[in-house]
């Protein structure tokens, strides 16, 4: 693909190409250093992307940090000096990114049978923590500047250099966002957001120097204080985003939708429930699901159906899916009536997400109506108990011999 065509494709997909030259450079780097290698596996592609992001970040941030450091010494501006430290710390963060992606690409072993891909998330947390540390140091230095202000010495050359560095950081931000979207990486996205922070902080520093140059107003320390607070806020937001997968956050809605669509596309599948998705890192997604089938169907055919679904999920979606065959009584009209009755009643309970597996077990004196109630993590046992009390009342009104017997399921972010 020609570079101009690559740029056009990127423009059509994500509208990130408002500078043709910078987009062309991004397309060139991705094509030659990520796509243009021999091993085209997902693992190798992610490692090359992480190495590219880290290498570009090291080189550019080292240059920007050095230039800002010299500019800070010339002007005597604490904001410029701390901004230089900010860039140099970003270069260190890029080293962490390279190492993190390298470790995350290691294959599974006896001690880590699910692979090492979660190291990529840990890398994002470390980078985010560095952002917070830099912001705290900037606030400290800026406060000292406010308490003990000193004269600034600006020059046209320094102002021009700072303006150029703003655009350089904006390009690095766009580059990392494009690369992050290309492989779905929260770690590279965190690195890119830090470059955006650099451009904002450098812009604030430039404004402070311009005010001093043309109006004689010295707000250097106050600007540094504001930039530091913004950086800390950004760092905390990045920690939340990158640490989420490590803490077991809700699965990606698109992954859930694709798994549901793949399973329910089969004609013999009546429905699904209890879908649980486990994320062991990018490209390492495991899931389990209960697949509802007709109880009258041949058990061997239903088992083969589940096997086919599991294989398709791995081949088409890259998800290692384990399916549980759940037979439903589709011929008993009482079961169908009870399913609708309970669903309409219990879905009005705050915290109830779904009900499934309605079945009847008849006895001499009473009939157990057995079903599962799916509740949200927030609703928990309180929502389940309220749903069970309501189910007792609804069933008793329908038939005094009915007794509600319910199991509590937690919704793990899939609504099933």
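The values are calculated or read from the model by the stated rules, or taken from the named source; none is laboratory data. Because the structure is a prediction, the values reported are computed rather than measured. Glycine gets a Cβ as well: all are built from the backbone with ideal geometry, and neighbour counts include every protein chain shown.
In the set (1) modelled with pLDDT of 75 or more; (2) under 30 Å from residue 243 (Cβ atoms); (3) in a helix (DSSP H, G or I), the condition left unmet by residue 31 is number (2). Of everything in the range 261-283 that is assigned to a loop (DSSP other than H, G, I, E, B) and closer than 12 Å to residue 245 by Cα, the residue that is farthest from the chain's Cα centre (by Cα) is 280. Return yes when residue 207 is without any contact (Cβ under 8 Å) to a residue 12 or more places away in the chain, surrounded by fewer than 20 Cβ atoms within 10 Å (Cβ to Cβ) and assigned by TED's automatic domain parsing to the domain that holds residue 102 and no when it is not. Considered against the rule, which asks whether it is without any contact (Cβ under 8 Å) to a residue 12 or more places away in the chain, surrounded by fewer than 20 Cβ atoms within 10 Å (Cβ to Cβ) and assigned by TED's automatic domain parsing to the domain that holds residue 102, residue 207 comes out as no.
Of all the residues in the range 312-331, those that are loosely packed, with under 14 Cβ neighbours inside 10 Å and free of Cβ contacts under 8 Å to residues at least 40 places away in the same chain number 4.
Restricting the range 355-374 to residues that are touching a residue at least 60 places away in the same chain (Cβ under 8 Å) and within 18 Å of residue 330 (Cβ to Cβ), which is surrounded by the fewest Cβ atoms within 10 Å (Cβ to Cβ)? Spell out the reasoning first.
From the range 355-374, those touching a residue at least 60 places away in the same chain (Cβ under 8 Å) are 356-357, 372, 374; that's our starting set.
From what's left, within 18 Å of residue 330 (Cβ to Cβ): 356-357, 372.
Working: 356: 21, 357: 18, 372: 16.
Out of the qualifying residues, it is 372.
Scanning the range 362-385 for residues that are in contact with a strand residue (DSSP E or B) (Cβ under 8 Å, 6 or more places away or on another chain) and part of a loop (DSSP other than H, G, I, E, B) gives 366, 376, 377, 379.
Evaluation of residue 249 against the conditions (1) farther than 29 Å from residue 41 by Cα; (2) assigned to a loop (DSSP other than H, G, I, E, B) shows that the sole unmet condition is (1). Taking the range 113-141 as the range and being within 15 Å of residue 279 (Cβ to Cβ) and outside any helix (DSSP H, G or I) as the test, the residues that pass are 114, 115, 116, 117, 118.
Within the range 148-158, does at least one residue satisfy the condition of being touching a helix residue (DSSP H, G or I) at 6+ places or on another chain (Cβ under 8 Å) and assigned to a helix (DSSP H, G or I)? Yes, because at least one residue in the range 148-158 is touching a helix residue (DSSP H, G or I) at 6+ places or on another chain (Cβ under 8 Å) and assigned to a helix (DSSP H, G or I). Selection of the range 394-411 for residues being surrounded by fewer than 18 Cβ atoms within 10 Å (Cβ to Cβ) and in a loop (DSSP other than H, G, I, E, B) yields 399, 400, 401.
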